[in-house]
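The values are calculated or read from the model by the stated rules, or taken from the named source; none is laboratory data. All figures in this text were calculated on a predicted structure; none of them were measured in a lab. Positions of Cβ are backbone-derived with ideal geometry, glycine not excepted, and every protein chain shown enters the neighbour counts. Remember, those area values only see protein heavy atoms, side chains included, never the ligands or the DNA or RNA. Shrake-Rupley method; radii C 1.70, N 1.55, O 1.52, S 1.80 Å.
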Amino acid sequence: MLEIRGLTAAVDGKPILHGIDLAVPTGEVHAIMGPNGSGKSTLSYVLAGRDGYEVTGGSATFDGEDLLAMAPEARAAAGLFLAFQYPVELPGVGNANFLRTALNALRRARGEAELDAVQFLKLARVEAKRLSMPDDMLKRNVNVGFSGGEKKRNEVLQMAILRPRLAILDETDSGLDIDALRIVADGVNALRSPQSSALVITHYQRLLDHIVPDRVHVLAGGRIVRSGGPELARVLEEGGYASVVADAA
Amino acid sequence: MSHAADPLAPVHAVTQTPYKWGFTTDIEMDMAPKGLNPDIIRLISARKNEPEWLLDWRLKAFALWQAMTAPEWAHLHHPPIDYQDLHYYAAPRKQAGPARLEDVDPELLATYEKLGIPLKERAILAGVEPAEGERAPVAVDAVFDSVSVATTFRATLAKAGVIFCPISEAVREHPELVRKYLGSVVPQGDNFYAALNSAVFTDGSFVYVPPGVRCPMELSTYFRINARNTGQFERTLIIADAGSYVSYLEGCTAPQRDENQLHAAVVELIALDDAQIKYSTVQNWYPGDAEGRGGIYNFVTKRGACRGARSKISWTQVETGSAITWKYPSCILAGDESVGEFYSVAVTTNRQQADTGTKMIHIGRNTRSTIVSKGISAGRSDNTYRGLVRIMPKAAGARNHTQCDSLLIGDRCGAHTVPYIESRNPTAKVEHEATTSKIAEDQLFYCRQRGLSEEDAVNLIVNGFCKEVLKELPMEFAVEAQKLLAVSLEGSVG
């Protein structure tokens with residue numbers, strides 16, 4: 001589904017990614033772990049198409065299409081979703097209105113019929129309940145006045161409603177207490193299917209206790225220095241990044 | 001992906017959409033020669049069969065105006081206006097006296113049809129009355145250049161005792177009301193533009209709602225400047241007698257022309273005891289092109305007097321048009337416990353300039369006022385909020401809350417907030433909050449990542465920013481206003 005080859009990227013002229021090779025097949029969940037400053041967030045922004053994250057070489061394809069040539073909204077329409085590490089506030093924009101506008105934009109792009117307000121609310125309430133989110137969170141303005149945990153749950157709610165084919169979760173676990181972590185993990189697991197994939201970016205191993213990945217990759221210094229099965233996360237937990245990074249170097 | 005040096009590049013494209021209402025109507029016009037002098041004023045007065053007192057009133061205004069100079073304190077820049085190079089009277093030739101809808105030139109009706117906003121007005125102007133119970137109808141007064149061309153639903157209104165007619169007709173039919181109230185809120189010598197208007201105003205709407213009557217429908221006036229080198233000087237006078245209620249809507253457009261056109265209107269509102277007036281404007285005069293050529297100079301004096309106890313006047317405006325807007329809809333809160341409100345969205349793009357705000361003058365005890373101003377600047381435009389809150393010595397317990405927010409789109413535009421607060425009563429409470437923000441790159445990216453196009457993202461963010469004001473508009477008008485915001489900002493991103 002996602003094929004990255006020799007990807008290099010820079011921010012403000014400063015090289016951050018130094019040649020990433022990564023393939024996430026359909027139906028698999030891969031984890032990317034790495035120390036601070038290793039390029040994890042840069043990778044997620046480059047894949048989602050954020051301005052200012054300049055691709056300097058290599059390629060990334062999504063279902064064989066050139067992902068890097070697509071506008072951010074076209075990537076979204078193709079089925080790519082990024083759960084933000086720092087979800088953005090939109091003052092005055094109701095959460096339900098935002099989500100329905102987004103869902104209908106995606107449905108339009110895919111040639112599907114749009115949902116009216118009633119149909120949408122029905123769907124949104126079911127998903128919100130599944131994530132233990134009170135209904136009033138749909139009425140509040142997007143992320144405005146949300147606690148850190150609420151923001152992250154709101155990202156997972158959006159993911160549940162938009163049903164992406166490839167979800168990229170950028171440190172969705174950071175700042176969550178253990179209960180919130182479980183709810184978020186349940187939300188992600190509920191979306192696992194043979195047709196969809198996920199790339200879970202995390203600093204800590206604990207999220208991977210709840211979302212068990214098919215593969216784990218270690219990102220350090222803008223390169224993937226090691227890949228392995230789920231057990232690699234536990235090696236990291238015990239020996240720290242230093243051991244793995246040193247081995248690779 | 002785009003690697004533009006400017007991450008806000010998406011925000012710059014929203015302003016290049018052509019003005020959609022810029023057509024002209026080819027119609028035979030009766031025009032006064034260019035220039036302004038007592039003879040022109042006599043000619044206007046004669047064409048309108050006015051009584052002697054009104055001619056005298058106009059001539060007095062003209063004398064005052066001649067001794068005045070245009071105000072220069074606003075944050076606005078334009079070349080000097082040659083007031084002798086304008087026509088002060090232009091009327092569709094067939095129109096003599098009040099018109100019934102059937103008598104209206106089909107060319108004119110076609111023009112209003114083409115304008116398209118508000119849709120319900122177009123339907124009604126075309127003579128289609130909504131089915132019984134379908135929705136509350138709207139009565140419309142249409143003003144084309146200087147003359148009112150059609151007023152609808154007059155019979156229904158008359159049954160309720162409401163007078164809604166062109167002011168020129170009110171002068172003839174209801175002289176006692178016009179004489180009593182005309183100039184009582186905005187005197188002839190109030191300011192340069194008001195004096196000019198008082199000298200040369202040619203038409204506008206007149207509304208009188210009798211005691212205890214809730215006006216059975218929304219009243220609406222549609223203003224259209226068509227002729228070249230003309231000014232439009234309409235005069236609106238609305239009187240809500242004790243315990244009455246009226247909601248009034250105003251819409252405006254003009255053709256696209258290379259030269260600047262002058263619009264200097266005066267609106268006076270009077271609310272007696274327990275009366276309420278809600279006045280909503282969607283102003284979409286031609287704003288000029290991307291380089292700042294052409295467009296309407298909109299120099300307007302709007303003021304309401306809450307004369308009665310517990311009366312209320314509420315101004316809501318969505319200002320997207322005009323090359324220059326100079327406008328401060330104000331409330332004089334004379335009656336005890338009277339309430340003044342001002343809700344404003346002002347959008348400037350390209351080279352547009354707006355200096356707009358309000359004045360709340362608290363005179364009576366326990367008077368309250370609320371000001372919510374949302375300024376949106378894009379392109380190379382300048383947007384100023386200028387507001388005065390004055391608490392007079394006898395206004396014990398007066399309260400004001402002011403919220404002023406500015407949203408910048410791009411980095412070549414300006415937003416300015418100029419609040420003046422004068423409190424002469426120690427028991428008064430005045431609060432002022434102001435914020436300035438930019439449509440942030442991260443907000444746009446967040447929306448686009450969820451599948452929204454750039455323009456939809458900007459619209460969503462702008463509408464969110466304006467929500468507190470838009471919800472004050474009558475519902476169908478709010479929908480039109482949202483569309484207008486979208487069109488005005490189209491292309492300012494990108």
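Here's the yes/no breakdown for (1) modelled with pLDDT of 95 or more; (2) open to solvent by less than 40 Å² (accessible area, probe 1.4 Å); (3) over 19 Å from the mean Cα position of the chain (by Cα):
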site	(1), (2), (3)
A:GLY6	yes, yes, yes
A:ALA10	yes, yes, yes
A:ALA23	yes, no, no
A:TYR45	yes, yes, no
A:GLY49	yes, yes, no
A:PRO91	no, no, yes
A:ASN95	no, yes, yes
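Okay, residues lined up against (1) over 23 Å from B:GLY243 (Cβ atoms); (2) in contact (Cβ under 8 Å) with a residue 12 or more places away in the chain; (3) in contact with a helix residue (DSSP H, G or I) (Cβ under 6 Å, 6 or more places away or on another chain); (4) surrounded by 24 or more Cβ atoms within 10 Å (Cβ to Cβ):
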position: B:ALA305; (1), (2), (3), (4): no, yes, no, yes
position: B:CYS331; (1), (2), (3), (4): no, yes, no, yes
position: B:ASN366; (1), (2), (3), (4): no, yes, no, no
position: B:ARG380; (1), (2), (3), (4): yes, yes, no, no
position: B:GLN403; (1), (2), (3), (4): yes, yes, no, no
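For the structure I just gave you, tell me whether B:VAL171 is within 23 Å of B:ALA90 (Cβ to Cβ), outside any strand (DSSP E or B) and open to solvent by less than 40 Å² (accessible area, probe 1.4 Å).
yes
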Lone qualifier among B:LYS467, B:LYS471 - being of a type in the set (Lys, Arg), within 22 Å of A:ASN104 (Cβ to Cβ) and either at pLDDT below 90 or surrounded by fewer than 21 Cβ atoms within 10 Å (Cβ to Cβ) (or both):
B:LYS467
Does any residue of the range A:76-89 turn out to be facing another protein chain (nearest Cβ under 9 Å), assigned to a helix (DSSP H, G or I) and either surrounded by fewer than 21 Cβ atoms within 10 Å (Cβ to Cβ) or among the acidic types (Asp, Glu) (or both)?
yes
Which count do you get for residues in the range A:98-119 that are away from every other protein chain (no Cβ under 14 Å) and in contact with a helix residue (DSSP H, G or I) (Cβ under 8 Å, 6 or more places away or on another chain)?
2
Here are some conditions: (1) closer than 20 Å to B:ASP442 by Cβ; (2) surrounded by 16 or more Cβ atoms within 10 Å (Cβ to Cβ); (3) not aromatic (Phe, Trp, Tyr). A:ILE161 meets all but one. Which one does it not meet?
(1)
Residue hits (the range B:421-443; open to solvent by less than 40 Å² (accessible area, probe 1.4 Å) and either over 14 Å from B:LEU407 (Cα atoms) or assigned to a strand (DSSP E or B) (or both)) are B:ASN425, B:ALA428
On the basis of being farther than 27 Å from A:GLU3 by Cβ, more than 9 Å from chain B (Cβ to nearest Cβ), part of a loop (DSSP other than H, G, I, E, B) and open to solvent by less than 20 Å² (accessible area, probe 1.4 Å), does A:MET133 make the cut?
yes
What are the residues in the range B:444-463 that are at the interface with chain A (Cβ under 10 Å from one of its Cβ atoms), closer than 27 Å to A:GLY79 by Cβ and assigned to a helix (DSSP H, G or I), if any?
B:LEU444, B:PHE445, B:TYR446, B:CYS447, B:ARG448, B:GLN449, B:GLU454, B:ASP456, B:ALA457, B:ASN459, B:LEU460, B:ILE461
Could you tell me whether any residue of the range B:318-328 is surrounded by fewer than 24 Cβ atoms within 10 Å (Cβ to Cβ), of a type in the set (A, V, I, L, M) and either part of a strand (DSSP E or B) or in contact (Cβ under 8 Å) with a residue 40 or more places away in the chain (or both)?
no
